[in-house]
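Working notes for the structure below.
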């Protein structure tokens, strides 16, 4: 049985495209009354060539549709801001819950939120299986996995067109299409930061400023790439354990050190505990808790409770992560595109594509915290596009750039940002703001710091 959201998404998707397919002009969104935060938003669909650069070909099979939602400024717009989501594979709906913070950070700005190619209500890789009207909505379920993978392998040229470079040309064309006489800024988070970085290599990308949140390392990195994600997660997790040992109240939860207690839990969890841990993998479960301040703070208490065989704390943690998920996943186009994640991740950010599942598992044995991502990189079974001339290239000129990076980010550590910025030191004015104690996605996890840093950046046009 289809969920109500799948049915709603199908109606919205079909209505949106039938209304806007012939023109790239904004009109009232069909779902603007479905969620309070979407009130007043307008929507449009832009046609882009399947492969760029190249002429637009209208509604032919060689085009993709790019869905864009606009939140107009309250009153006269003093600027426009394009919001580029992460993933890869996430739609622009990632930003919908954080509009209040964005309005405060960018007062009197038009906010424009595209679903980049392959995500949300834009053209998907698996058009049938990832459609809003399919059994799982925009998420793949059941037999859709097999048919989706089969379709992409049968149409490999089509699959390879969903590259970062083509997405960057999309974004450049969108900005050019809707560019007004007010200053234009771009904000990207996580995967959105290399997408914006690719945009800055294009000759027709003219921007007044860029904000990069949780900046990803250079493409050619052999230590901060996705195959090393578990090592990155482990380093942050160990710092959290060290912080506990340095605080008497936290240290008092354990007879020995918190690391010793955690190693005991990993080696011999009490009977029945492992079955109640999501994914039945303690390393990966605790690694995932590092993404959010609220549940990260409960890690010591959770270690102590689980060692006693007490699952009450686990239920509280699961409820908390569930609430966070509900906030982010409530929109019909929210489910990420796993095919897009697979293609882009391996093509762009995997320094060790030859690794096997056994090698990934062996590497994780010595870690306290881990990620499932390295396993997902192994033999994705999808067509991969070649790395082109823009891969790991450095721009010749840049607008002003503000980089926001958390000091406890388990996905894109601070060293990621400094390595990327080192490529730019002669190309523009870049300011790095490190946010103490913050995990990934500063807009979400440290909203006050985000607003203050952006306000200062916008106010001082002479400095980065």
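The values are calculated or read from the model by the stated rules, or taken from the named source; none is laboratory data. This one's a predicted model, so the numbers in the text were calculated from it and none came from an experiment. Cβ placement follows ideal geometry from the backbone for every residue including glycine, while neighbour counts extend to all protein chains displayed.
Here are a few things to note about the model shown:
- Qualifying residue in segment 155-174 (condition: out of contact with any strand residue (DSSP E or B) (no Cβ under 7 Å at 6 or more places or on another chain), within 21 Å of residue 335 (Cα to Cα) and without any contact (Cβ under 8 Å) to a residue 24 or more places away in the chain): no
- Of the helices (runs of 4 or more DSSP H) contained entirely in segment 267-308, those carrying at least 2 residues that are under 24 Å from the mean Cα position of the chain (by Cα) fall at 282-289, 293-296.
One line per residue, one yes/no per condition, for (1) out of contact with any helix residue (DSSP H, G or I) (no Cβ under 8 Å at 6 or more places or on another chain); (2) modelled with pLDDT of 95 or more; (3) buried (at least 23 other Cβ atoms within 10 Å of the Cβ):
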site: 146; (1), (2), (3): yes, yes, no
site: 153; (1), (2), (3): no, yes, no
site: 156; (1), (2), (3): yes, no, no
site: 164; (1), (2), (3): no, yes, yes
site: 173; (1), (2), (3): yes, no, no
site: 191; (1), (2), (3): no, no, yes
site: 194; (1), (2), (3): no, no, yes
site: 204; (1), (2), (3): no, no, no
site: 207; (1), (2), (3): no, no, no
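- For segment 209-238, a residue qualifies if it is part of a helix (DSSP H, G or I), under 13 Å from residue 414 (Cα atoms) and touching a helix residue (DSSP H, G or I) at 6+ places or on another chain (Cβ under 8 Å), and exactly one does: 233.
- Residues that are in contact with a strand residue (DSSP E or B) (Cβ under 9 Å, 6 or more places away or on another chain) and assigned to a loop (DSSP other than H, G, I, E, B) within segment 395-407 comprise 398, 399, 407, listed in sequence order.
- Among residues of segment 390-407, those that are surrounded by fewer than 22 Cβ atoms within 10 Å (Cβ to Cβ) and over 16 Å from residue 196 (Cα atoms), counted: 1
- Checking residue 246 against (1) farther than 17 Å from residue 370 by Cα; (2) in contact with a helix residue (DSSP H, G or I) (Cβ under 7 Å, 6 or more places away or on another chain), the condition it does not meet: (2)
- Test for residue 150: is it in a helix (DSSP H, G or I) and within 24 Å of residue 380 (Cα to Cα): yes
- In this structure, residue 122 qualifies as in contact with a strand residue (DSSP E or B) (Cβ under 8 Å, 6 or more places away or on another chain) and either under 30 Å from residue 71 (Cβ atoms) or assigned to a loop (DSSP other than H, G, I, E, B) (or both).
- Which listed residue is surrounded by fewer than 22 Cβ atoms within 10 Å (Cβ to Cβ) and within 25 Å of residue 325 (Cβ to Cβ), from 412, 436, 375, 430: 375
- Put simply, of 182, 186 the only residue that is crowded, with 23+ Cβ neighbours inside 10 Å, touching a strand residue (DSSP E or B) at 6+ places or on another chain (Cβ under 6 Å) and in contact (Cβ under 8 Å) with a residue 60 or more places away in the chain is 186.
- Of note, residue 452 satisfies the criterion of being at pLDDT 95 or above, in a helix (DSSP H, G or I) and either out of contact with any helix residue (DSSP H, G or I) (no Cβ under 9 Å at 6 or more places or on another chain) or surrounded by fewer than 19 Cβ atoms within 10 Å (Cβ to Cβ) (or both).
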